[in-house]
Amino acid sequence: MKIKESSGGTYILWIMLVVGCLLMCGGIGCAIYYGVDSLNYVEVRAVITDISVSYDSDGDAHHYVTVDYEYNGVQYNDISISFWSSDMYEGQNISIMCHKDYPTKLQDKTLWIIIPCILFGVGALFTLVISFPLHKVIAKNRGSRYARKHGEVLLCKITAVEPDTSYRVNGRIVNNIVECMPLGEETARYVSNPFSMKYSVAEGSTVKLYRDRNNHANYYVDLSSIENSNLSQSSIEVNNGSIESNPDTNENKMGNNLE
């Protein structure tokens, strides 16, 4: 069975990026809406006449504020407002926004500023935080595509199969990654993309590696090419960049670069 790569948490990064962009768009949309709606309001001075408090079954407090104000020559008394802040007190003079056509419809102009700023700020933070790891993923994928198309092809030996700790489902690790070494290059190490733990890969198996000749940071480990090897480590000899089998193993000779 050929091994298929797992997307890991990449799709989560894209989802979070979309959420961030939607929040920013929501902030811009709210700013436009409030900006247009504010044309229907005028600012008036009001006096707080009463602040009452009630508690619900969960013990949460709810504050009710009433004000007196005058608009267009008409006095309005004990009109409820839908906003409250901890620095309010009875007898305080405050500024409120009064609807031109419905004078008892009152708004706090600070909400027109705060809500769009919060939405846009949270969205911008989401986008900024996610863009860094997502940029790395995109750059890596771009390098991998170039290596597969234009790079050299090497045969590698899998030196380790390890759990991919960068992505979990319900707190459980679900993917593995393999580390491999090109035959004849003792110091080079390359790591594959994640794949499901349902696939069994043995250390010592062989796998194809596509590598950019000019930039070895651009590479691709072809998981679908993994072949389990029954050769013991002592039966393999490295000679001048090629792998030569021991006569006793009756295995074919294989060059380092696969054409």
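Between Gln92 and residues 5 or more places away or on another chain, which pairs have amide H atoms under 5 Å apart, with H built 1.01 Å from N, and which residues are they?
Ile48
Under the rule of -39500 (n - 2.57) per DSSP H run of 4 or more residues, summed and divided by the residues of the chain, what mean residue ellipticity at 222 nm is obtained, to the nearest 500 deg cm²/dmol?
My calculation for the chain gives -10000 deg cm²/dmol from helical runs alone.
Taking 0.36 nm per residue of separation and subtracting the Cα-Cα distance, what length does fully extending Ile12 through Leu125 add?
Length gained between Ile12 and Leu125: 39.1 nm.
How large is the dipole of the chain about the Cα centre if only Lys and Arg carry +1 and Asp and Glu carry -1, each at its Cβ, rounded to the nearest 20 debye?
Using Cβ point charges on Lys, Arg, Asp and Glu, the chain gives about 1220 debye.
Which whole number in µm²/s is D for the range 1-133 by Stokes-Einstein, with the Kirkwood Rh taken over Cα pairs at 25 °C and 0.890 mPa s?
Answer, rounded: 135 µm²/s.
Longer than 19 Å from Cα to Cα, which of Lys157/Lys208; Lys2/Lys157; Lys2/Lys149; Lys2/Lys208; Lys149/Lys208; Lys4/Lys208 are they? Say none if no pair is.
Lys2/Lys149
So for the chain, taking the charge dipole from beta-carbon charges (+1 Lys/Arg, -1 Asp/Glu), which of Leu183, Leu223, Ile130 sits furthest toward the positive end?
Leu183
Ignoring any ligand, DNA or RNA, what whole percent of the accessible area of the chain comes from carbon and sulfur when the probe is 1.4 angstrom?
53
Relative contact order for the chain: what percent, with Cα pairs under 8 Å and sequence separation of 6 or more?
Rounded, it is 19 percent for the chain.
Can you tell which of Ser6, Gly35, Leu17 lies farthest toward the positive end of the dipole of the range 1-87, using +1 and -1 charges on the Cβ of basic and acidic side chains (Lys, Arg; Asp, Glu)?
It is Ser6, whose Cα lies furthest towards the positive end.
Going by amide H atoms built from the backbone, whose H comes under 5 Å of the H on Tyr71, apart from near neighbours?
Tyr76
Taking the alpha-carbon distance from Lys136 and a cut-off under 19 Å, which aspartates and glutamates remain once sequence neighbours fewer than 8 residues away in the same chain are dropped?
Excluding near neighbours in sequence, the set is Glu5, Asp164, Asp212.
Quick one: which of 189-195, 64-70 comes out on top by average Cβ neighbours within 10 Å, and what's the full order, highest first?
Averaged packing, sorted descending, gives the order 189-195, 64-70.
Each residue of the range 99-114 in turn: what ³J(HN,Hα) in whole Hz from Karplus with 6.51, -1.76, 1.60 and θ = phi - 60°, glycine and Pro shown as x?
Couplings: 5, 5, 8, 10, x, 8, 8, 10, 9, 9, 5, 5, 5, 5, 9, 5 Hz.
Please work out which option in [x] 17.7, 59; [y] 21.5, 77; [z] 33.2, 109 gives Rg and Dmax of the Cα atoms in Å calculated from these coordinates, and answer with its label.
[z]
For a test of the definition: using alpha carbon positions, the gyration tensor, and the 1.5 limit on a/c, classify the range 56-154 as rounded, prolate or oblate.
Prolate.
The values are calculated or read from the model by the stated rules, or taken from the named source; none is laboratory data. Bear in mind that the values here come from a model prediction, so they are computed numbers and not experimental data. Methodologically, a virtual Cβ is constructed for each residue, glycine included, from the backbone with ideal geometry; neighbour enumeration extends over all protein chains shown. For the accessible areas, the whole protein counts, side chains as well, though only heavy atoms, and no ligand, DNA or RNA atoms are used. Shrake-Rupley method; radii C 1.70, N 1.55, O 1.52, S 1.80 Å.
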